[in-house]
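Okay, so here's the structure we're looking at.
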Amino acid sequence: TFFSSDELRQLMAMLRKHFSFTDDAELGVEIDPRTLKPETLAVLAELGFNRNSFGVQDFDPAVQQAVNRIQPYEMVEAAVIQSRQKHFQSINADLIYGLPKQNKASFSRTLDHLIALAPDRIALYNYAHLPSRFKAQRQIIEADLPSAEDRLQIFMMATRRLLDAGYIYIGLDHFAKPDDELNKARQDQT
């Protein structure tokens with residue numbers, strides 16, 4: 001569901017009426033870069049949102065075509081730049097390995113692009129092919145999925161690349177920059 005600016009303001013007003021938010025509250029939002037309108041990040045920042053997450057999945061055009069999620073690198077890049085301009089404290093990007101048409105070389109190029117964008121956090125999820133549960137997955141050609149060995153190789157390469165780029169493995173598929181609050185909490189165990 002997409003909310004207009006007025007609907008977002010009404011929703012936050014209702015939430016603030018019924019709940020107390022501390023001044024340092026972490027308010028996060030998941031954003032699909034394909035649906036991001038120019039004014040959305042400004043409105044979210046105005047409403048107190050300070051963290052966001054973009055579903056990237058993969059930048060490779062063949063992979064995007066195979067999963068029917070076309071979003072060029074430039075679209076995500078613009079969203080990240082705008083987030084920084086609006087002073088979001090933390091930017092996350094979600095990647096998925098094991099998608100159809102994906103291989104180590106193509107995913108390495110995706111990592112090149114993402115590392116250049118330098119999000120504060122990266123979630124690296126393993127694709128679960130469950131077409132009986134998810135209607136959209138029924139369009140995916142199973143023969144295009146990487147083998148279990150290839151998926152493992154993609155994951156190991158991605159982990160190495162993210163660690164080499166200065167990210168810390170937080171656990172449960174998540175990586176963060178050393179100065180990110182998630183890593184600080186992990187270090188403090190709080």
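The values are calculated or read from the model by the stated rules, or taken from the named source; none is laboratory data. Predicted model, so just to flag it, every value in this text is computed and none were measured. Every residue, glycine among them, receives a Cβ derived from its backbone with ideal geometry; neighbour counts consider all protein chains shown. Just the protein is used for accessible areas: all its heavy atoms, side chains included, with ligands, DNA and RNA removed. Shrake-Rupley method; radii C 1.70, N 1.55, O 1.52, S 1.80 Å.
Computed quantities for the displayed model
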{"read-out": "Options LEU130, LEU172, LEU152, LEU162; residue that is of a type in the set (A, V, I, L, M), surrounded by 18 or more Cβ atoms within 10 Å (Cβ to Cβ) and either over 13 Å from ALA93 (Cα atoms) or touching a strand residue (DSSP E or B) at 6+ places or on another chain (Cβ under 6 Å) (or both)", "value": "LEU162"}
{"read-out": "Yes/no for ILE70 being within 27 Å of ILE170 (Cα to Cα) and at pLDDT 95 or above", "value": "no"}
{"read-out": "Output for region 115-150, where each listed residue is among the small types (Gly, Ala, Ser) and in a strand (DSSP E or B)", "value": "ALA123"}
{"read-out": "Filtered residues of region 94-110 (kept if surrounded by 20 or more Cβ atoms within 10 Å (Cβ to Cβ) and either among the hydrophobic types (A, V, I, L, M, F, W, C) or at positive phi (or both))", "value": "LEU95, ILE96, GLY98, LEU99, PHE107"}
{"read-out": "Of all residues in region 133-149 being open to solvent by less than 60 Å² (accessible area, probe 1.4 Å) and without any contact (Cβ under 8 Å) to a residue 24 or more places away in the chain, the one that is farthest from ARG69 (Cα to Cα)", "value": "SER147"}
{"read-out": "Lone unmet requirement of (1) on the phi > 0 side of the Ramachandran plot; (2) out of contact with any helix residue (DSSP H, G or I) (no Cβ under 8 Å at 6 or more places or on another chain); (3) not charged (D, E, K, R) for LEU27", "value": "(1)"}
{"read-out": "Residue that is least open to solvent (accessible area, probe 1.4 Å) [pool: residues in region 175-190 that are without any contact (Cβ under 8 Å) to a residue 24 or more places away in the chain and assigned to a helix (DSSP H, G or I)]", "value": "ASN183"}
{"read-out": "Test: residue in region 21-40 that is of a type in the set (Ser, Thr, Tyr), part of a loop (DSSP other than H, G, I, E, B), under 19 Å from GLU181 (Cα atoms) and free of Cβ contacts under 8 Å to residues at least 60 places away in the same chain", "value": "yes"}
{"read-out": "Region 62-88, residues that are touching a strand residue (DSSP E or B) at 6+ places or on another chain (Cβ under 8 Å), surrounded by 17 or more Cβ atoms within 10 Å (Cβ to Cβ) and either in a helix (DSSP H, G or I) or touching a residue at least 40 places away in the same chain (Cβ under 8 Å) (or both)", "value": "VAL63, GLN64, VAL67, VAL76, ALA79, VAL80, SER83, PHE88"}
{"read-out": "Within region 8-61, considering residues that are open to solvent by 30 Å² or more (accessible area, probe 1.4 Å), of a type in the set (A, V, I, L, M) and more than 21 Å from the chain's Cα centre (by Cα), the one nearest to SER108 (Cα to Cα)", "value": "LEU11"}
{"read-out": "Test result for PHE54, touching a strand residue (DSSP E or B) at 6+ places or on another chain (Cβ under 6 Å) and assigned to a strand (DSSP E or B)", "value": "yes"}
